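Heads up: the structure comes next, in structure tokens.
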Amino acid sequence: MLRILTAAALLSLLSAPLMAQMMRPGGEGMFERADANDDGSVTKAEFIAARGEQFAKFDRNSDGYLDSNDVPKRLAARRQQNGGGDLLMSQFDADGDGKVTKEEFVNGPTMIFDRADADADGNDVLDPKELAAAKEAAKAWASERRSRRDGK
């Protein structure tokens, strides 16, 4: 239980777009899509390859990079209201130009993967147990965000 709560707390530090990708309607999340060979485990290489596919979805205006113009207006307003910064930019914008290129995004930090790799055994593979725990942590994170948003 403590491990799940700790994972949820750590995952809450990640950007909203990446967490949203973990919690797709119908249960298909980022890790499930990353499992290219459908073996029930996700390697770090599979995870990184899946990021390349995600970039186009995040690049809402198709200009080849991610910046404030790609953030939906409603989310941008909520961030400004809450005084929150843009974690995606702060963690992936390697050259500090205010834009995240596809290369920066694909090759950027793998915090979600690293935190889900609970056994940290160095093999860079998320086994089914770790994937299930990550999914539960993401659900807890989403529930907490809903509760805060709804003022509960």
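The values are calculated or read from the model by the stated rules, or taken from the named source; none is laboratory data. This is a predicted model, so every value here is computed, not measured. Cβ coordinates were reconstructed from backbone atoms using ideal geometry, including for glycine residues, and neighbour counts include every protein chain displayed.
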Open item on the list: Would you confirm whether or not the range 6-16 contains a residue that is in contact with a helix residue (DSSP H, G or I) (Cβ under 9 Å, 6 or more places away or on another chain) and at pLDDT 75 or above?
Closed with: no
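When only residues in the range 141-152 that are part of a loop (DSSP other than H, G, I, E, B) and out of contact with any helix residue (DSSP H, G or I) (no Cβ under 9 Å at 6 or more places or on another chain) count, which is modelled with the lowest pLDDT? Quick ask: steps written out before the conclusion?
Within the range 141-152, the subset part of a loop (DSSP other than H, G, I, E, B) is 150-152.
Going one step further and asking which of them are out of contact with any helix residue (DSSP H, G or I) (no Cβ under 9 Å at 6 or more places or on another chain), we end up with 150-151.
Working: Asp150: 80, Gly151: 74.
Among them, the one singled out is Gly151.
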Scanning the range 28-56 for residues that are more than 15 Å from Ala116 (Cα to Cα) and either crowded, with 18+ Cβ neighbours inside 10 Å or touching a residue at least 12 places away in the same chain (Cβ under 8 Å) (or both) gives Arg33, Ala36, Ala49, Ala50, Arg51, Gly52, Glu53, Gln54, Phe55
Check whether at least one residue in the range 74-81 is out of contact with any His (no Cβ under 8 Å at 6 or more places or on another chain) and either outside any helix (DSSP H, G or I) or at pLDDT 90 or above (or both), and report yes or no. no
